[in-house]
Structure formats: C-alpha cells, structure tokens
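First comes the structure, then the notes that go with it.
Please treat every number below as a calculation from the coordinates, not as lab data. Quick caveat, the model's predicted, so the values are computed rather than measured. When we count neighbours, we look across all protein chains shown, and the Cβ atoms used for this are built from the backbone with ideal geometry, even at glycine.
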Amino acid sequence: MAKIRIGIVGCGGMARSHASRFGEVLDRIQVTAVVDIQKERAQVVADLLGNDPVVETDYRRVMSHVDAVLIVLPHHLHHRATIDCLNAGKHVLVEKPMANSEQECIEMIDTAEKQNRVLMVAYCMRFHPLVVKMKELIDGKVYGDIFQLSIWTEQLTRREEGHWTRSASQLGGGQFFSHGCHYVDLMLWMLGKPVRGSHYGTNRGTPWMEKEGTSNVTIEFENGILGYHFGTWGARGTRLKYSFHAHCEEGMIEAAISEGKLIAHSRATEHVTGKPTVRQKEEILLEVQNTKPTEVEMAHFIDCIETGAKPLTHAIGSLKGLQVIWKLYDAEEKNEIADLRHLGLGA
C-alpha cells in the first residue's frame, strides 16, 4: 500500500513539537509538505523532518503534494483552512479547539460529510495510556461507581506582547476555551451526559490575557456524578501539577500525568494490638515515562483514513464539548447556572 502523504499547516512552536509525532507511523506516511506564512519557520520544521518536504507559505499551493493535512494554526484560522483542505479532497486532523464558533464547526462537519473525508479533532489526551487505563477502570467499576472526577492543570503560560493567544477573539475565549476544552472533552467521554454547570474565570495573576487566564468549572452529569476542572496559566508554583482524581465508592484513582503514574488509593484495615485501625493503601497500577499520546493519535487518524472508521475524537462529539463551554460562558455572564441538557448537532 502506498504511503499516505501528510502536510503540516502552521509551523509555530506547536508544529515543531508535532513534527515528532510521526514516529509510530513512519512506515505508513510521509510528510511531503510543510507550510507557514513565515517560510523560515516552515524550513525549520522541514529540517527537523529531514526528508526534504515541499516548503511553502500558502497551504493552497501544496494540495497536489498531500493526501491529508495536520492543521496547527491559531484557532481563528482553523475554519477557513479546514474548509479549503476538505474541498480539495484532503483528510484533516485539526488541532483543538475545532473552531471559534458553532456555525464554523457545523460548516466544517457538513463539508467533511459532503466530500466524504475524515475530519478528526486533535484531543490527544484521549490517547494517553494513563487516561485510557483510568477510563477502563471507571467503566469496569473496579473501585465501585464513580461520583467525582477532578482535573488540575497548573501551568505558567505567558506569551510575548502581540501574540495571538492573548486575544480573546483569536483564541476564541480564554484559558478555559483554549486548554480547558481538553478536559471538558474528557469529562463527557468518561462521565456521560451533562445536566448543568457553572464556570468562573479571572485574569488576575494573568494580566496578559484579554479573557480569563484561570478558570474553575463544575459540571453535574446524569446520575449525580460531578466533574471539576481547575486550570491556570498563571501558576508560579504548583503541588497538584497535572493530575486527575477519580473518586469512586471503594477508592480513588489518580492519574499523575506529570509523574507518569496511575495510582489507586484505597482504605486497608490492619490490626494493632487487637485494635482495628484504618490507614490508606496506595498501589501503582501503571507507570509510563516519556509517553507520546500524539503518536497514538496520529496512528488512529491514519487508521481512520485507511479503513473509513469513525475517529474517536470525531467532529460532532467535539462540537458538543465546545457547546458546553459556550453555554457555561454565557451563564457566567448572566450570573446563572448553565442548562447543559439537549446539546449536540441539531439539538
């Protein structure tokens, strides 16, 4: 079978890191084009790849060289580039969040269906081995029914003056929309249908952000399960770092992403001089170091192109996650609780 020809559209900081995501599929793909409005940045990525791809400043000029594209552009440019690539008959893996408005997302979905092309959204955390295993344990009720999933992402992310991520219109919102979309997506994947929720954000501590740089979101799901995400781009220090806690009836499962460990915390009974006492038991369930979920994600994208399978992070499901965020933003402005029922395409 001929190798699938891949183009990288957008060669800023993220694209340089994404250039290393192809290791698991090098026998199935070839990166044949790299594109950036600053040609020298595209050339840097081309040099990292080392296979002499076409280097261009306009993605429309590489369509004859590629079968599929990875779009790593600022959020406000996702829609136009995705539409153009789909209409040129190319499969698209677009970075999260899919687009900055519901209408743009719907147009992207409709175009992918019309052109019969794969449109996948790059929510790489669904492919992280610790997250995959945590979901398996939750679904299997290994530690009983889950009643709370808490996610912490504490970072210091400060871009230079004039960078597009400072702009609410270009970013699509603030830290919650840009980064928190990962974790809303994971909560929907793990916990099911949302019912109601609230969001509070601030740019105190992150004055470089036009919209919030720190956010707190709580979502209630069917059956009373709660999901929570705390995210900040203003952390000057951290203890929780990057970690997920799934509280279940018989223990707590911790995905310590920063440490590469999945840990079960549970109660164990021991007898001391005839008197029962209780202490916590900790067990490492899985340990993975230097994991690259983007490689697994790319392999899944190639699988979907070759087999016609529906992507795990398909566009319609991704739109639902963004609808949750837009509802939460709107309710925050109105000082209300957001009604998160009946979301989805056509709802």
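The lysine pair count for the stretch 76-219, using Cα distances under 27 Å and pairs eight or more places apart or on different chains, is 10. For the stretch 90-138, what does the alpha-carbon gyration tensor say about shape, rounded, prolate or oblate, given a ≥ b ≥ c as the root eigenvalues, a/c under 1.5 as rounded, and a/b over b/c as prolate? Taking the square roots of the gyration eigenvalues as a ≥ b ≥ c, the stretch 90-138 is prolate. Each of A168, S258, T307 was scored by the projection of its Cα onto the charge dipole of the chain, and the greatest displacement toward the positive side belongs to S258; charges sit on the C-beta of Lys, Arg, Asp and Glu.
Between H342 and S20, full extension at 0.36 nm per residue minus the direct alpha carbon distance yields a gain of 112.0 nm. Paramagnetic label reach from S258 (point 7 Å along Cα→Cβ; backbone nitrogen cut-off under 18 Å): within the stretch 114-151, residues 130-131, 150-151. For R279 and E113, FRET efficiency with R0 = 51 Å and r from the beta-carbon atoms, rounded to 0.05? The formula returns an efficiency of 0.35 here. Within the stretch 149-237, none of the chymotrypsin sites (Phe, Trp or Tyr not before Pro) combine a DSSP coil assignment with at most 14 other C-beta atoms in a 10 angstrom radius. The Cα atoms of the stretch 4-122 define a convex hull whose projected area, averaged across directions, is 6.5 nm². If you run the Gaussian network model on the chain, springs between alpha carbon atoms under 10 Å, then out of G231, G174, G140 the most flexible one is G140.
Along the Cα-to-Cβ line of L286, 7 Å from the Cα, sits a label point; which residues in the stretch 111-131 have backbone N less than 19 Å from it? Under 19 Å, as judged by backbone N against the label point of L286, lie 123-131 of the stretch 111-131. Checking every one of the GluC sites (Glu not before Pro) in the stretch 147-230 against DSSP loop status and a limit of 10 other Cβ atoms within 10 Å picks out E160, E161.
Between helix 293-307 and the chain there is an angle of about 60 degrees, using the helix long axis and the longest principal axis of the Cα atoms.
Given R0 = 22 Å, the distance between the Cβ atoms of E161 and E40 translates into a calculated FRET efficiency of 0.55. Of all the options L49, L226, L93, the one that moves most in a Gaussian network model of the chain with Cα springs shorter than 10 angstrom is L49.
For the chain, the Cα-based Rg and Dmax, in that order, read 21.3, 79 Å. Each label was represented as a point 7 Å from its Cα along the Cα-to-Cβ direction; for E250 and E102 these points are 4.2 nm apart. For the chain, a Gaussian network of Cα nodes joined below 10 Å ranks N203, N335, N100 by mean-square fluctuation, and the top entry is N335. Remark: the E222-K141 segment gains 27.5 nm on full extension, using 0.36 nm per residue and subtracting the alpha carbon distance.
Across the stretch 201-218, computed HN-Hα scalar couplings (Karplus, 6.51 cos²θ - 1.76 cosθ + 1.60, θ = phi - 60°) run x, 8, 10, 4, x, 9, x, 6, 8, 5, 10, 5, x, 9, 9, 10, 10, 10 Hz from first to last residue, x flagging Gly and Pro.
Angle check, please: helix 102-115 long axis (alpha carbons) against the longest principal axis of the chain (alpha carbons), in degrees 0 to 90, nearest 10. With both axes taken from Cα atoms, the answer is about 60 degrees.
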